[in-house]
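Have a look at the structure below before the remarks.
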Amino acid sequence: MSPTTARPTGRRHRVLATAVALTLGLGTTLASTLSHAPAAQAAAHTPSVLPAADQPTQWWYSAMGYDELHKYGTGKGITVAMIDVPIDPNVPELKGKVASVKTLCSDQSVATARDASADHATNVASLIVGTGRGNGGPGVRGIAPDATLRYYAIGKGANDICNNSVDQTMGQTVDQAVKDGAKIISISLSGQFNQPFFIEALARAERAGVIVVAGADDEGGVYYPALANGVVSVNFVDRHGKLDPDAAHGTQSAGEVDIAAPGTNMLMGAHQGARWVSGACTCSGSSLATPLVAGGLAAVWSHFPQATGNQILQMMVNTPGMKQGTTSHGTRGWVYDFRRVGSGFPAVKQSGGGFGWGIFDPADMMYRQYQQFPDVNPVLEVSNADTVLPTWSQVTGKPLPGQGATATATGTASATSSGAAKAPSATAGGGSSLPWLLGGVVILLVVAGGVAMVVVRGRSRQAPAEEKTLEGSSHGSGI
């Protein structure tokens, strides 16, 4: 999940430092970007090798129903905090859209850059509040264009994390974001984020009602912060609704992925020298899916300002994109899609693999009634086990109900059509299978050569007691 990564899957910069390593989850096809990569790194694939139907475009706009979503909410009144590496707030996509740029580093210059080191953060931010204006190519439109975006840089790379531990820097940055009024925090980074300072700050944020969204690793696993208890972990899918080959898959991600969103072959921008070129990057990664979820939740929350963050998340897991289709087993049933097409939806259950509850569908969340959902975080495991961080008690400030109890607080509301206002009959812009993928969790900086941080697998959440799937679905296999 690195900053701006157009995915040549094998190309991930890793600059190892004494105590940290940041991993960026986006790959790029730009020659200028590749010039920064070590000679031993594999070259990125180029759009020309893709089938015509899969050439990089801004396909996610129609797939997610941007225009319909924005009829009801654009994020106005919701503050989203984004934690990443340097950003270029002066590109056309972000000009005038970033409310503040901060870093807790004494060297304030690490917050911004006008070269490839800023590609990751710049693209990620554009997916939240982008203007749609570009330079030399199509600019990116944000999913929550009117949200207040506050940006926090943790340094330029593994050798410059405020001259501090990543744990301390990330913990202090999360606290600052909450102090600055963030209702949602988006983290397209992954790595050693299971240490005390960060975990305690995370618990404080969640207790304050802040939604934290982080991406899964782009190398098939799920690590902190996405693995942290109460954090929405995001996987990434392609335009057909299939899990990207680099996304978290199967039993390895069972119980660890919460939602999937677009993140494959997305047309983004990149710096060529000091010049920003829009549409120059064929980017892929959980780093891109993560801001779409964070921003999409902001858009929904702006339409339901009286809802709690927990209720917004309950709406998310109970309203995944679905439609009637033929599964890989040849039977008719409900399969995952980008939009919610039809009526009489079955109860939604978390999958045993990389889709979590399904594909994120903010446009159709607008047709639900938040009052029907409990004020309970559906991704917060009710456990005080030392393998669950932060613990339930750390987050809630309360003793564990029923000593030794361990469960996932999913609430009781189901994703049936009964609670919906009028379900729209929108088409799913290109998705026809059941793909879900979780956005990257390893401080993945994509595009410009990521910063690397020694990635250590975090303590995993307890997997579901049984594999939960949608009726008639075939997780990850398509139809």
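Laboratory data are not the source of any read-out in this text; all were calculated from the coordinates shown. In this text, all values refer to a predicted model and were calculated from it rather than measured experimentally. Neighbour counts are summed over all protein chains in view; Cβ atoms, including those assigned to glycine, are modelled from backbone coordinates with ideal geometry.
Close amide H pairs (under 5 Å, H built 1.01 Å from N) link ALA81 with ARG150, LYS183, ILE184, ILE185, SER186, residues at least 5 positions away or on another chain. Around the amide H of SER100, modelled in the peptide plane, lie the amide H atoms of TYR151, all under 5 Å away and 5 or more residues distant in sequence or on another chain.
Compared with the alpha-carbon gap, the fully stretched path from SER109 to ARG133 is longer by 6.0 nm at 0.36 nm per residue. Would the stretch 89-202 count as rounded, prolate or oblate if I go by the C-alpha gyration tensor, calling it rounded below 1.5 in a/c and otherwise prolate when a/b exceeds b/c, oblate otherwise? Taking the square roots of the gyration eigenvalues as a ≥ b ≥ c, the stretch 89-202 is prolate.
Length gained on full extension, SER343 to SER100, computed as 0.36 nm times the residue gap minus the Cα-Cα distance: 83.2 nm. In straight-distance terms, cross-link reach from LYS323 covers every one of the aspartates and glutamates whose alpha-carbon lies under 14 Å from its own, apart from those fewer than eight places away in the same chain; here that gives ASP337, ASP361, ASP364, GLU471. Rounded to the nearest 20 debye, the dipole magnitude of the stretch 108-163 is 120 debye, with +1 charges on Lys and Arg beta carbons, -1 on Asp and Glu beta carbons, and the Cα centre as origin. Binning the C-alpha pair distances of the stretch 118-269 at 5 Å intervals from 0 yields a P(r) profile of 2, 9, 16, 20, 21, 17, 11, 4, 1, 0 %, listed from the shortest bin outward. The stretch 246-264 and the stretch 283-298 have Cα centres lying 13 Å from one another.
With θ taken as phi - 60° and the Karplus curve 6.51 cos²θ - 1.76 cosθ + 1.60 applied, the whole-hertz 3J(HN,Hα) list for the stretch 282-294 is 8, 9, 8, x, 5, 4, 8, 5, 4, x, 5, 6, 4 Hz, x standing for glycine and proline.
Between the amide H of VAL382 and those of ALA407, THR408, ALA409, distances stay under 5 Å, these residues lying 5 or more places away or on another chain, with hydrogens modeled in the peptide plane. Counting Lys and Arg as +1 and Asp and Glu as -1, what is the net charge of the other residues whose Cβ lies under 15 Å from the Cβ of PRO145? It works out to a net charge of +2. Computed from point charges on the beta carbon alone (+1 for Lys and Arg, -1 for Asp and Glu), the dipole magnitude for the stretch 232-346 about its Cα centre is near 360 Debye.
Taking a Cβ cut-off of under 14 Å around ALA298, the surrounding Lys, Arg, Asp and Glu residues balance to a net charge of +3, with basic ones at +1 and acidic ones at -1.
A simple charge model with +1 on the Cβ of Lys and Arg, -1 on the Cβ of Asp and Glu and nothing else charged puts the dipole of the stretch 135-219 at about 340 debye relative to its Cα centre.
Can you give the translational diffusion coefficient of the stretch 31-419 in µm²/s, computed by Stokes-Einstein from the Kirkwood radius over Cα pairs at 4 °C and 1.567 mPa s? All intermediate terms of the calculation are to be shown ahead of the outcome.
On the way: Rh = 20.8 Å.
Translational diffusion coefficient: 62 µm²/s.
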